[in-house]
Amino acid sequence: MDQVMTKKPHEMLAATLSQELDAVNVLIRKRMASEHAPRIPEVTAHLVEAGGKRLRPMLTLAAAKMCGYQGDHHLKLAATVEFIHTATLLHDDVVDESAQRRGRPTANLLWDNKSSVLVGDYLFARSFQLMVETGSLRVLDILANASATIAEGEVLQMTAASNLKTGEDIYLQVVRGKTAALFSAATEVGGVIAGASEAQVKALFDYGDALGIAFQIADDLLDYQGDSKATGKNVGDDFRERKLTLPVIKAVAQATEEERAFWTRTIEKGRQQDGDLEQALALMAKYGTLEATREDACRWAAKAKAALEALPDHEIRSMLSDLADYVVSRLS
């Protein structure tokens, strides 16, 4: 990569929080160890060391630092957030029968489904140990609720993903569960541990919630119009996997009887054939649903930025604002 290229917002945030992130990484490696089951650190390391952006733990560190926190409990909370995220990825790859994540073979492919599920369970248990060590019942409540919401969102997605009756309200509920719940919990606990005011804690929650929704809508849109080299996914993977995401939901809502029959065959019944992806893209173009989805993502990014106005004037606040812009800049 060109060294003179301007750093992306998450890279600038990582640079600003480098000392804290290093400490979190040390903590993660220490807590994912197991004296009696060596497979646990093997499986965990495969995913944790895969080069993810550590965006969610960074949000916790950023929120705490922006609100003037001086202790070290935010490190434990950042590690907690990463463990919850990693556990859900391990479970998701089993449920989705995925073979690749972040350009590498998934843990369930390299080991087996049982190992992935059980190691995910171990990480959830570790995350609760870390939460308790902060001594904050409120933090425990926030992250426990987020964990339950994530699981609920995944189950809802499983039942709604190929059902043409799924509307935008259910889609938003799924997105809040599978993605935004951990974003909002990550930012909220950072403010709580720092002793921020109720208004600031609410603003941090609102920022994380809106950022997570914008992030997931953008991700779903990129499945249909992204660069596969940049996204790590093939264009149309969600269509081939019969996932009803926002661009398709919007197209189904406006479909003629003949078009609805097409969506029923390809999404509900899964009887896909050559040329179906092209036809799906043509129908989305006909009703402008890709552009409408992009506008939705931008609206949520704007909500995230607006929430920041209630927070302290700090260099990190500017980076978080830029991060909201960056999440949707990928769509231009």
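The values are calculated or read from the model by the stated rules, or taken from the named source; none is laboratory data. Just so it is clear, the structure is predicted and the values come from calculations on it, not from any experiment. So basically every Cβ, Gly included, is an ideal-geometry build from the backbone, and we count neighbours across all protein chains shown.
Observations on the model:
- Restricting the range 29-84 to residues that are of a type in the set (S, T, N, Q) and modelled with pLDDT of 90 or more, the residue that is nearest to residue 194 (Cα to Cα): 70
- Candidates 169, 223: the one that is part of a helix (DSSP H, G or I), among the acidic types (Asp, Glu), closer than 25 Å to residue 151 by Cα and out of contact with any Lys or Arg (no Cβ under 7 Å at 6 or more places or on another chain) is 169.
- Taking first residues from the range 31-50 that are more than 16 Å from residue 84 (Cβ to Cβ) and aromatic (Phe, Trp, Tyr) and partners that are modelled with pLDDT under 75 and in a helix (DSSP H, G or I), no Cβ contact under 8 Å between residues at least 6 apart in sequence or on separate chains turns up.
Per-residue answers, yes or no, for (1) within 27 Å of residue 330 (Cβ to Cβ); (2) not small (Gly, Ala, Ser):
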residue	(1), (2)
194	no, no
198	no, yes
204	yes, yes
249	yes, yes
274	no, yes
286	yes, yes
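Let's see how each residue does on (1) farther than 30 Å from residue 117 by Cβ; (2) among the hydrophobic types (A, V, I, L, M, F, W, C); (3) in contact with a strand residue (DSSP E or B) (Cβ under 6 Å, 6 or more places away or on another chain):
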site	(1), (2), (3)
8	yes, no, no
29	no, no, no
41	no, no, no
55	no, yes, no
63	yes, yes, no
75	no, yes, no
78	no, yes, no
84	no, yes, no
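- Residue in the range 125-144 that is more than 16 Å from residue 76 (Cα to Cα) and in a helix (DSSP H, G or I) present: no
- Subset of the range 166-204 (residues that are over 21 Å from residue 293 (Cα atoms) and free of Cβ contacts under 8 Å to residues at least 60 places away in the same chain): 184, 192, 197, 198, 201
- Condition check for residue 169: of a type outside the set (A, V, I, L, M, F, W, C) and farther than 24 Å from residue 93 by Cβ: yes
- Of everything in the range 134-163 that is among the hydroxyl-bearing types (Ser, Thr, Tyr) and farther than 16 Å from residue 194 by Cβ, the residue that is surrounded by the fewest Cβ atoms within 10 Å (Cβ to Cβ) is 159.
- Residue list for the range 251-274, restricted to those being part of a helix (DSSP H, G or I), without any contact (Cβ under 8 Å) to a residue 40 or more places away in the chain and of a type in the set (S, T, N, Q): 266
- Wholly enclosed helices (runs of 4 or more DSSP H) of the range 275-332 bearing at least 2 residues under 30 Å from residue 13 (Cα atoms): 289-307, 315-329
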